[in-house]
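Below: the structure, in structure tokens.
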Amino acid sequence: MDGVWSILKPFSLGAAHPAALPFYYLAYVPVLKYITSDIYLALALVNSFFLTLLTFSAFMAVKKNRNNFSGWLGAAAAASLPFVIETARHPDSGLASMALTAGLYCCYINSNDFDHPTWNTWFGVALSLGFFTDRMFWICVLPLLPFLTTACAGGLALNSLLKGLLPGMIINLPWYAYTFAFQALTHYAGPAREQVWRPGLWNYLYALATAAGLPMFILGAAALLWMYYSVFMPYSPRKIAAAWFWVPSLVCYFFFSGRPELMYPALLPLPLAVAVMTPNLARKYIMGIAAALLLVNHSGIAPVFIRSAPVLFGLPRAPEKGAYRIEEVLDAIRARVTGFRFPDVLLAGEDGNINNTSFNYLAARSAARKTEGFRADLNFVHYQAQMLGLADFVVHRTGAFGERRNAPDSRALEKEMSEPWFGKAFTRLAEFELQDTSKLVVYEKNKPEKKPFAEGVHKIKNCRIGGFTIEDGTLELFGFDPAKNVYALAAFSAPEAVFGDGLAVYSLELEIEDFLPFSDTDDLSRLRPLKMSKVRITRLKTNIRAFERYLSSWSPRLQGLKVAFDGDLELNGNYDGKGFSWLASLNEHPPVIPLRNVGVVPMHRWFNWNIALAAYPPVIDLKGRGFINGLLGVPNFFLRFFNFSYDISQWPYYITFDRTKQKKQMLEIYSKSSRLVQAAHPERTEKADPELFY
């Protein structure tokens, strides 16, 4: 870390994503450092801050031309919008974007067309922070652009605007340079020219009405139209309030497929128009309606009313209200846990409320009632097919009565449940029916009653292990421990295998510690792991032809790909009819920093194992040295934005190796074999470097 200067260094969500703008997440830093270390309480405090900013901005925007009561009506109506409440329930930068948009227009309305320097400065602050929060913030800035340009051109407001805008512009510059590089390459490569899908006007209005709630959407739209043409109840900023809604609406519909989440900040003028245009005699009644919607939506005392039409009121209940019977699921699992262990639970069929985050939060909160501290005694994770056998428990949310749950993870789990092995490895523990007639079904992994297979060499077929798919190979088991019900070591070997989703590898040799296999047949065909610790690659080879086939399978637009390992990794080919070339250096093995020098021992925990590493986790670095796409070359100072690091310790299987070696058309990964394998096969003993974790 480089302290505060780290905010000037863009980071990416991956090779396919632009920079993730960090202002919302930076708001957690002072909270976690000075107020609380509990991430869930920090979420409540941070989101409460942005909710307060949003409601205060709504209050001040209305109060400028109306009285205090109208201002409170606008604040209450804005806070009662379902999309505001739903966003505030989760860690979502969209809440900060909405709050800063409301603050931006509040400052403009109170500045009287940039005539007040103080409001101008705060306008600049809101504008710069908005762009530091969301790269699509410009959509809601468009209606203000003519007024902002005029004010800056005239020079009268320029100084006060720059006071608030300039520091944020400096911070934003490297982040948007990174984003621009991604967008330029994406556009030049061809996908940006694809036709934008539009949902249809009725579907678009339906989505907006559902997001805002049908009563407030109808009242707000009518009030906004009335405000624009009103003669007897004038509101001086009526044109900018109307443009705040209509301009982003048209931009989102015609250029961004009508995505409702992009329209959330532009729906805020609807409750403001209601507050501005409500006559004095009706204001108390509208305030009552807004307060009732606020209570019903925020509290979760009423579920969604009328699901087949735009929502009238109500939101899905929050998990802590007991509507989803999560506490009962936790109690059922805890009743089966013995000893000092933290079971891992695979969760399938997740949605916005029933997910691993809500389960982990409630597990931690209920555990804190019984013991000191706020630490979960259960670990809930997303469903992953290769991790199914390693979980201690599986929780599956089924579809409602008479329908199948459409979540991809739910369909994948149902397919596995139909296989014979699942019924032998897992037993149904409990089920809990929910209000929508769907069920939470809990499965517990069976404990083996005896040693499943004899030590020694076995033939295996159709096996997926450690991220590798092996059609034909051998497995050698060493040292079964009856107390742990695991083999001390399992050594796999195969002449050919497939890694991940399609990379062909050869001469594969793996060693897995604390291994327990399972098969629903009498032999070890269709083997599945029930327990495992560390996966060590002792030998693996692949060639450039395998790389070319693997990379070419990613996209039909990628043609004529050629890969070279001559010192650096070099890719040449055609993408969408345009030639490109990319050159990157691949580290042989990164430097290893002994943890005793920094005084920490990281514990990497996934399924059923804890390993204290002797050094920092393994990282594979790809450092860009040159990129050309068609006639477009990337300048050298942009190349650092195309450096990628792959931390393989974060993969579902913890995979280690010692070195990589490049030789002409081959890439080889190898490690020193364990002592058990060396003793059993002295002929295989090779001189290798000491084991490194990197």
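The values are calculated or read from the model by the stated rules, or taken from the named source; none is laboratory data. Since the structure is predicted, the reported quantities are computational estimates derived from the model, not experimental observations. Don't worry about glycine lacking a Cβ; one is built from the backbone with ideal geometry, like all the others, and counts go over all protein chains shown. Heavy atoms of the whole protein, side chains included, go into the accessibility calculation; ligands, DNA and RNA do not. Shrake-Rupley method; radii C 1.70, N 1.55, O 1.52, S 1.80 Å.
Brief remarks on what is shown
- Of the three principal axes defined by the Cα atoms of the range 378-458, the extents in descending order read 51, 24, 22 Å.
- Options F499, F468, L527, ranked by Cα towards positive dipole end of the range 436-532, top entry (Cβ charges): L527
- Farthest towards the positive end of the charge dipole of the range 421-485, among the residues G456, V442, F422, is the Cα of G456, using unit charges on the Cβ of Lys, Arg, Asp and Glu.
- Cα-based equivalent ellipsoid of the range 449-524: semi-axis lengths in Å, sorted from largest, via gyration tensor: 23, 12, 11
- Cα→Cβ-extended label distance, 7 Å offset, between Y25 and A291, nm: 4.1
- Order by protection proxy (mean Cβ within 10 Å, highest first), peptides 506-516, 473-483: 506-516, 473-483
- Between K461 and R365, the simple spin-label model (points 7 angstrom out along Cα→Cβ) gives 5.2 nm.
- Over 28 Å (Cα to Cα) - which of K461/K672; K33/K63; K424/K672; K461/K484; K459/K661; K64/K284 fall in this group: K33/K63; K424/K672; K459/K661
- Ligands, DNA and RNA are left out, and with a 1.4 angstrom probe the accessible area of the range 52-94 is 34 Å² per residue.
- Packing-based ranking, highest mean first, of 278-288, 325-335, 58-68 given that Cβ atoms within 10 Å are counted: 58-68, 325-335, 278-288
- For the range 480-559, the share of accessible area belonging to carbon and sulfur comes to 51 percent (1.4 Å probe, ligands and nucleic acids excluded).
- Scaled against 2.2 N^0.38 Å for its residue count N, the alpha carbon radius of gyration of the range 484-579 is 1.46.
- Alpha carbon centroid spacing (whole Å) that separates the range 236-286 from the range 90-163: 17
- Counted residue by residue at 0.36 nm each, then reduced by the alpha carbon distance between them, the extension gain from W246 to R334 reaches 26.4 nm.
- Modelled spin-label separation between L32 and M233, with each label point placed 7 Å from Cα along the Cα-to-Cβ direction: 4.7 nm.
- Stretchable slack from H681 to T150, in nm (0.36 nm times residue separation minus alpha-carbon distance): 183.0 nm
- Cβ-Cβ FRET estimate between L201 and R659, R0 fixed at 56 Å, reported to 0.05: 0.40
- 19 Å reach of a label modelled at N112, 7 Å along Cα-to-Cβ, counting backbone N of the range 33-75: 60-68
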